[in-house]
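First up is the structure itself, then whatever we jot down about it.
The values are calculated or read from the model by the stated rules, or taken from the named source; none is laboratory data. The structure presented is a predicted model; accordingly, all values stated were derived computationally and were not measured. With ideal geometry, Cβ positions are generated from the backbone for all residues, glycine too; neighbour counts draw on all protein chains shown. Remember, those area values only see protein heavy atoms, side chains included, never the ligands or the DNA or RNA. Shrake-Rupley method; radii C 1.70, N 1.55, O 1.52, S 1.80 Å.
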Amino acid sequence: MVRDLCERMARTNRVDRAESDRLLLERAKQLDSEYLSGKARPADARFSARLTSSYGNANLGTGVIQVAERLRQSPQWVIDYLLIHEMAHLIVPGHSAEFWRLVDRYRYAERAKGYLICMSQLED
């Protein structure tokens, strides 16, 4: 009985995760269009439990964006900022002035940066 319940819960969690990843990609595409003129073209976006020392990453070769699982419950404007930040890397690798000009188009960029600084202090 316990095993059956655990299996059902695991299936439910997979569906929820798959759905939230689908919604994350949908949101990334919307933000790409709105803030980055559709230049980033993310191939996929997902939450990842493997990101333990960063909040997100972008694979320049595949166009896949990952956001740290531990931020899943963060405010939407923080997740949006992370998506924009990582998609900006698909356009401009590194953290040059051009990169930051792209990222700072997002109206809540400074607020999200502060939120993430605070989170990093709490995690240390």
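A few points about this structure:
- Residue check, Asp16 over 28 Å from Gln121 (Cβ atoms), at pLDDT below 95 and touching a Lys or Arg at 6+ places or on another chain (Cβ under 9 Å): no
- Residue match in the range 107-119 (condition: of a type in the set (A, V, I, L, M, F, W, C), within 20 Å of Glu26 (Cβ to Cβ) and surrounded by 14 or more Cβ atoms within 10 Å (Cβ to Cβ)): yes
- Test for Ser74: is it more than 15 Å from Arg41 (Cβ to Cβ), open to solvent by less than 40 Å² (accessible area, probe 1.4 Å) and among the polar types (S, T, N, Q): yes
- Residues in the range 84-106 that are without any contact (Cβ under 8 Å) to a residue 12 or more places away in the chain and open to solvent by less than 40 Å² (accessible area, probe 1.4 Å) were compared, and the one that is nearest to Ser53 (Cα to Cα) is Gly94.
The rows are residues; the columns are (1) open to solvent by 30 Å² or more (accessible area, probe 1.4 Å); (2) at pLDDT below 95.
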{"residue": "Asp32", "(1), (2)": "no, no"}
{"residue": "Tyr35", "(1), (2)": "no, no"}
{"residue": "Ala40", "(1), (2)": "no, no"}
{"residue": "Ala45", "(1), (2)": "no, no"}
{"residue": "Leu51", "(1), (2)": "no, yes"}
{"residue": "Ser54", "(1), (2)": "yes, yes"}
{"residue": "Val64", "(1), (2)": "no, no"}
{"residue": "Val67", "(1), (2)": "no, no"}
